[in-house]
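The block underneath contains the structure these notes are about, expressed in structure tokens.
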Amino acid sequence: MGGVKFGTDGVRGVANSDLTAAFALDLGRAAARVLARKGSADAVATGARAEAVATGARAEAVVGGDTRLSTAMLEAAFVAGLASEGVLVHRLGVVPTPVVAFEAARRNAIGAVISASHNPYRDNGIKLFAPGGLKLPDEVEERIEADVVALPPPTGEPAPLLDVEQSLDYVEHVLAELQGRSLTGLKVVVDAANGAASALGPALFAAAGADVVAIHDQPDGRNINQHCGATHTASLAAAVLANGADIGLALDGDADRLMAVDHLGRVVDGDHVLAICATDLHRRGLLRDGTVVATVMSNLGFRIAMEQAGIRVIETAVGDRYVLEALDAGGLSLGGEQSGHVIFRDRATTGDGLLTGIVLADVIQRSGRPLARLADEAMTRLPQVMVNVRVAVRVPDAADQLAAEIAAVERQLGATGRVLVRPSGTEPLVRVMVEAADDAVAHEAASSLAALADARWGASA
């Protein structure tokens with residue numbers, strides 16, 4: 001790949017082109033050297049390596065992946081890199097990202113997921129967790145980037161690879177959120193995106209007592225996220241209406257995020273889900289410090305609704321790792337993204353679509369109100385228009401370069417409007433987002449700014 005570069009959520013590229021087995025091997029070695037070598041524990045986590053150094057035991061890692069055709073190849077290479085540096089690897093097989101994070105936390109081990117999340121099957125990626133299940137801070141990713149391009153030959157005895165049988169520990173962990181309650185009587189459609197939760201997702205909701213209809217749960221290596229899942233909810237909405245279901249839940253390829261559909265077939269996005277959960281926890285006195293964490297992408301309507309509910313909002317950059325950092329810095333309990341990553345910090349170290357779905361279904365069950373009503377009560381979404389501009393090279397300071405033009409548009413929009421221009425963390429795109437009280441005004445402003453961005457940096461410019 002011409003040198004590793006971490007984006008918003010790990011490393012991504014076209015499998016066997018940008019992201020090769022040789023690169024995955026080197027990344028595994030570099031990750032082991034940074035995350036498990038003596039003296040690095042204080043930078044990323046405490047406990048696992050410190051204990052290993054003291055006792056002579058091996059550092060450990062847990063590795064899982066999604067259902068893409070390329071995942072087995074990249075996993076084999078990546079775990080070989082870990083093992084060549086002496087890390088004992090537990091292979092989890094096809095599992096969602098939150099399962100890897102859960103096992104990393106439980107074992108105090110390095111975690112790695114081979115997945116490109118919501119991307120098409122030709123793409124793949126590798127995202128890492130520090131020992132204990134936390135995503136890596138920027139400075140640690142930079143150390144891994146540097147190590148990849150300067151790897152010495154491996155030395156010492158390689159470690160064995162261990163295949164881990166699927167256990168009920170994660171399922172029991174998620175179901176504990178119900179505190180003995182059941183989802184009996186609730187009809188749920190689960191869209192597994194032909195991804196990592198194709199078996200686990202429907203089984204989890206059935207174990208919770210729900211009447212489950214599963215769709216897009218037959219992965220073939222190429223159909224992950226294909227016209228299904230969190231980024232393509234039309235078939236889920238149709239299934240909810242056809243089955244008379246109470247709720248539809250759409251996971252993405254690695255099941256770390258969730259989009260919902262109400263009984264009317266309307267999409268309930270991450271902002272609405274976060275607003276529903278924040279309001280419910282706040283009413284029960286369980287929202288720590290009366291505060292929720294959201295990213296700059298959250299709709300202005302979310303912020304207005306939270307203010308009206310007496311809930312403070314802390315804003316972060318895009319990416320659930322930044323949400324997690326803010327949660328931990330403030331000792332807070334709930335945060336998330338419009339894209340559907342929601343973190344219940346008392347139960348997870350990362351976004352977890354399955355846990356979020358269980359919590360949302362439980363709110364419906366306890367309140368006796370349909371999701372449509374809960375969503376309408378929680379917030380009113382202001383029109384939000386997003387235009388993606390494909391660029392020839394990444395433009396990290398896009399907003400600064402368009403500062404004058406952005407300021408002019410924001411003056412026109414006034415207090416009920418907002419502009420956000422930012423580079424994508426995973427693709428060569430500049431994203432232009434405009435919110436306004438009027439949909440036509442938002443479209444016009446977004447198109448205007450996108451045209452400026454395209455003229456300046458567009459791939460065909």
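None of the figures in this text is laboratory data; all of them are computed from the coordinates on show. Source: prediction; values computed, not measured. Please note: Cβ atoms are built from the backbone with ideal geometry, for glycine as well, and neighbour counts cover all protein chains shown.
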Counting other C-beta atoms within 10 Å, which of SER333, SER424 has the fewest, and how do the rest follow?
SER424, SER333
How high is the relative contact order of region 138-210, given as a whole-number percent (alpha carbon pairs under 8 Å, six or more residues apart)?
30 percent
Work out the FRET efficiency for GLU315 and VAL393 from their Cβ-Cβ distance, taking R0 = 41 Å, and round it to the nearest 0.05.
0.90
Would you mind working out the magnitude of the charge dipole of the chain relative to its Cα centre, with +1 at each Lys and Arg C-beta and -1 at each Asp and Glu C-beta, to the nearest 20 Debye?
200 debye
Taking every DSSP beta bridge that has both residues in the chain, what percent is antiparallel when rounded to the nearest 5?
55 percent
With a sphere of radius 9 Å drawn around the Cβ of LEU69, what net charge do the other residues whose Cβ falls strictly inside it have (Lys, Arg +1; Asp, Glu -1)?
+2
Only counting other Cβ atoms within 10 Å, I'd like TYR322, TYR170 sorted with the fewest neighbours first.
TYR322, TYR170
Please sort 289-295, 209-215, 113-119 by packing, taking for each peptide the average over its residues of neighbouring beta carbons within 10 angstrom, highest first.
113-119, 289-295, 209-215
Of the DSSP H helices in the chain, the ones reaching 18 Å or more along their long axis in Cα terms and averaging at least 0.5 in Kyte-Doolittle hydropathy are 21-36, 71-84, 353-367
Restricting attention to region 106-207, which trypsin sites (Lys or Arg not before Pro) occupy a DSSP loop and are surrounded by at most 15 other Cβ atoms within 10 Å?
ARG122, ARG181
Coarse-grained scattering of the chain at q = 0.05 Å⁻¹, given as base-10 log I(q)/I(0) from a Debye sum over alpha-carbon atoms
-0.18
Report, in deg cm²/dmol and to the nearest 500, the calculated mean residue ellipticity at 222 nm for the chain, where each DSSP H run with n ≥ 4 adds -39500 (n - 2.57) and the sum is divided by the residue count.
-11500 deg cm²/dmol
Distance between region 192-242 and region 387-457 - C-alpha centres, whole angstrom:
34 Å
For region 11-163, with the dipole built from +1 on Lys and Arg beta-carbon atoms and -1 on Asp and Glu ones, taken about the Cα centre, which of GLY81, THR67, GLY156 lies farthest toward the positive end?
THR67
Relative contact order, percent, the chain [alpha-carbon distance under 8 Å, six or more residues apart]
13 percent
Which of SER298, SER84, SER17 has the fewest other C-beta atoms within 10 Å, and how do the rest follow up to the most?
SER17, SER84, SER298
From the P(r) of region 176-378, can you give the percent of Cα pairs sitting at distances over 21 Å?
47 percent
Burial order of peptide ranges 450-459, 390-399 (average beta-carbon count within 10 Å, highest first)
450-459, 390-399
What do you get for Rg/Rh of region 381-461 when both radii come from the Cα atoms and Rh is the Kirkwood radius?
0.96
